1. Which number in (1) within 11 Å of another protein chain (Cβ to nearest Cβ); (2) more than 16 Å from ligand 2 (Cβ to nearest atom); (3) not β-branched (V, I, T) marks the one condition that B:C159 misses?
2. Just give me the residues in the range B:34-49 being assigned to a helix (DSSP H, G or I) and either in contact with a Ser or Thr (Cβ under 8 Å, 6 or more places away or on another chain) or surrounded by fewer than 16 Cβ atoms within 10 Å (Cβ to Cβ) (or both), in sequence order.
3. Looking at the range B:75-100, I want the residues that are part of a loop (DSSP other than H, G, I, E, B) and have a partner that is among the basic types (K, R) and surrounded by 19 or more Cβ atoms within 10 Å (Cβ to Cβ) with Cβ atoms under 9 Å, at least 6 apart or on another chain. Which pairs are those?
4. Quickly run through the range B:110-131 and pick out the residues that are part of a loop (DSSP other than H, G, I, E, B) and touching a helix residue (DSSP H, G or I) at 6+ places or on another chain (Cβ under 6 Å).
5. Only one of (1) of a type in the set (F, W, Y); (2) more than 10 Å from ligand 2 (Cβ to nearest atom); (3) part of a loop (DSSP other than H, G, I, E, B); (4) within 22 Å of the chain's Cα centre (by Cα) is not met by B:Y146, so which one is it?
6. If a residue has to be closer than 18 Å to B:C151 by Cβ and either of a type in the set (S, T, Y) or open to solvent by 30 Å² or more (accessible area, probe 1.4 Å) (or both) to count, how many in the range B:207-232 make the cut?
7. Given (1) over 30 Å from A:W123 (Cβ atoms); (2) modelled with pLDDT under 95, where does B:G174 come up short, assuming only one miss?
8. Going through A:F143, A:F96 one at a time, which residue ends up being in a helix (DSSP H, G or I) and more than 14 Å from chain B (Cβ to nearest Cβ)?
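The values are calculated or read from the model by the stated rules, or taken from the named source; none is laboratory data. Computed from a predicted model, the values in this text were never measured in an experiment. All Cβ positions, even for glycine, are placed from backbone atoms using ideal geometry, and neighbour counts span all protein chains on display. Only protein heavy atoms, including side chains, enter the accessible area calculation; ligands, DNA and RNA are left aside. Shrake-Rupley method; radii C 1.70, N 1.55, O 1.52, S 1.80 Å.
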Amino acid sequence: MKLTQFPRSILPILSRGNRGYYAWLLFLLLIMVWGAGGYAKQLNHGLVTTNMRDSVSWAFYIGNFTFLVGIAAAAVMLVIPAYIYNWKPIKEIVIFGELLAICAVVMSIGFIVVDIGNPLRFWHMLPGIGTMNFPSSMLSWDFFVLLTYLCINLVVVIHLLHRIFIKKDYNKKLVLTLVFVSIPMAVAIHTVTAFLYNAIPARPFWNSALLAPRFLASAFCSGPAILLILFQLLRKFTRFEIKDEAIWTIAELMVYAMFIYLFFSVAELFKEFYSGTEHLLYWQYLLFGIGDNKELVPYSWASIIMGCIAFVLFLVPKTRKNFTTLNIGAVLIYASVYVEKGIALIIPGFTPDVLGQIYVYTPSMIEIRTAALIFSVGFLVFTFLVKIAIAIIFEDYRVEEPMPEQQQTLEKA
Amino acid sequence: MKEDKSRRSFLKNMALAAGSAIALSGCDMKALDHFLQKNFRTLSKAEVDEIITSLQLEYKNKYGKDFTVSAKPATDGILFGYALDLSRCIGCRKCVYACVEENNQSRGPQIHWIQVLQMEKEKGIDFADSDVHYNPEKVPEEGHFYLPVQCQQCRNPQCTTVCPVKATWQEPDGIVVVDYNWCIGCRYCMAACPYGARHFNWAEPSVPEDEMNTNVHYLGNRPRMKGVVEKCTFCIQRVREGRYPACVEVCPVGARKFGNLLDPESEIRYILENKRVLVLKQELNTQPKFYYFFGV
Ligand code: SF4
Ligand code: SF4
């Protein structure tokens, strides 16, 4: 079967589903419509509909972008332990990790698109027809590595699913090579995203060499958290088989990541507070507020507290091996990193601004609606992709009858 | 050759896509031309001329006035520099408003290329304790001094380094400019500028028709669109014709000096050689060509 026929023959999968599935789609659709209304207003009137201004010129959108790049990176890095510990469903872990990565990258590019003042001029950034500012602009680099990463993951996933679908062995050399390329790429996308901020001398809050390592550590807390829950769901509702031990190992790896993250943050804080230079201002705004301006304080402490609770839940073997507390921990760490990246990373970089003035920023309704639009589109794409993957991998969705022997060779691979 | 072809077909596709988008919004072919326009620095002389003629026509239709749009390039042997006498500045903000008028800055939402910071003498130059919104009956206020900040025209500008599409660059005469038709509005340059000198058009800029300055430069004070970044250009439309920037002309106490850094006879060179001079945020190595000095 030709690759072009592949999409046509798998599309019917999307319309099969129970009531819960349709309710979920309807829910996403409603959010999408609500969000699109907000974005339409922004397109029409300009970014004035957001609460960003010259003082705080990047905010919620760019925070979300950063968070999602982290998710994309971490999802793929989970392939490493899968190989090291030789978990049985490696192929599935690769596929679902990369599906998550694809959606996360799509959403993160979405956040860039809604953040720029002239989305129609997006082509100025494309290699070949635009003028990319290589090699000096980190944003060019970031855009470039994100696109490459997206392409690699798409190729791997489509190839794997297509081969399973037509009951053929996948091209092991191609897949292995690409998967091994995609792992350093995952590190690269998040590192380059960190460099985007970290290399600007004008913003002391970001101007720390620890930023990139902290990014990676925090991504490795939040990315696997989603997969942890996804794997449990898959295990419950499909033939996906992953042992409890594998899930606990993921949780254990997350503890290391959290510890490193914690350590880096303490190192950063120590340096700032002990030296007490004027750079302290931004941390002060974030953690305690400056004068009457305490807008970020509840967020930063909520993030810290959620992170610490999650750390304890994951650290203590008893709560780590109890699926209720484990899942609570996963949700908490996810929320903690989301608040940290979405709000506590970008805004203090701009508050006080370079001339020392304080502009109080909180996202406007339009920003929240636009973000909801992007997330709902991302969730929809993820739902569809996962549904297709489940049907092909676990439910033997085929046009013709499946042949058991080949199925087995695949499983071995 | 191959690249050229794919490039053209891509452009064609983009044109089609944009065309349909524009058809929907009821605009004309002008918008399409604007949309496809290349980076200013890659345009040929003929293309620039064509664009300028069409801009003049467009402005005439839009504002009912004849505009002179210049694209005059830098002159060899000139490197512009600026000096501001901190001991003279009284914080009256005449420069701010002269700049707004000269450079067609949006009145609503308000854009000011020059920010005047009020500082306490006791603390010296301390941004954290400064105030841009000072509003006393009379300036200068006791115990305070004033620090006007605008684009410092860095020799080593962060804003041009970070721009992902090369929409902003430094001209041979040292002026950092923006191509409004190429800027995608990502605002990375705003994050990177240590002096808050870049300003974004958060909404469609509005300038009263009768206050529109029709003497404009392509890279300077021509009318802007929403979603692009703009900044002080040392009044490129004036200084390339041998005139002073508007803020220099208007300053009632003569605190502002301007000239050619390469000319040993110039006033600016005299100041650099004979006065106590400082630049802002020296530690960042941006190397401003905007100097603060103490004249008395
Ligand atoms: S002051 Fe800011 S806008 Fe002006 S050249 Fe320096 S970095 Fe660029
Ligand atoms: S806002 Fe415009 S000028 Fe500034 S970095 Fe982005 S594209 Fe370049």
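1. The failed condition is (2).
2. B:L36, B:R41, B:T42, B:K45, B:A46, B:E47, B:V48, B:D49, listed by residue number.
3. B:T75/B:R240; B:I78/B:R240; B:L79/B:K289; B:R88/B:R256; B:C89/B:R256
4. Within the range B:110-131, B:H112, B:W113, B:I114 qualify.
5. It is condition (3) that B:Y146 fails.
6. 1
7. Of everything listed in (1) over 30 Å from A:W123 (Cβ atoms); (2) modelled with pLDDT under 95, B:G174 misses just condition (2).
8. A:F96
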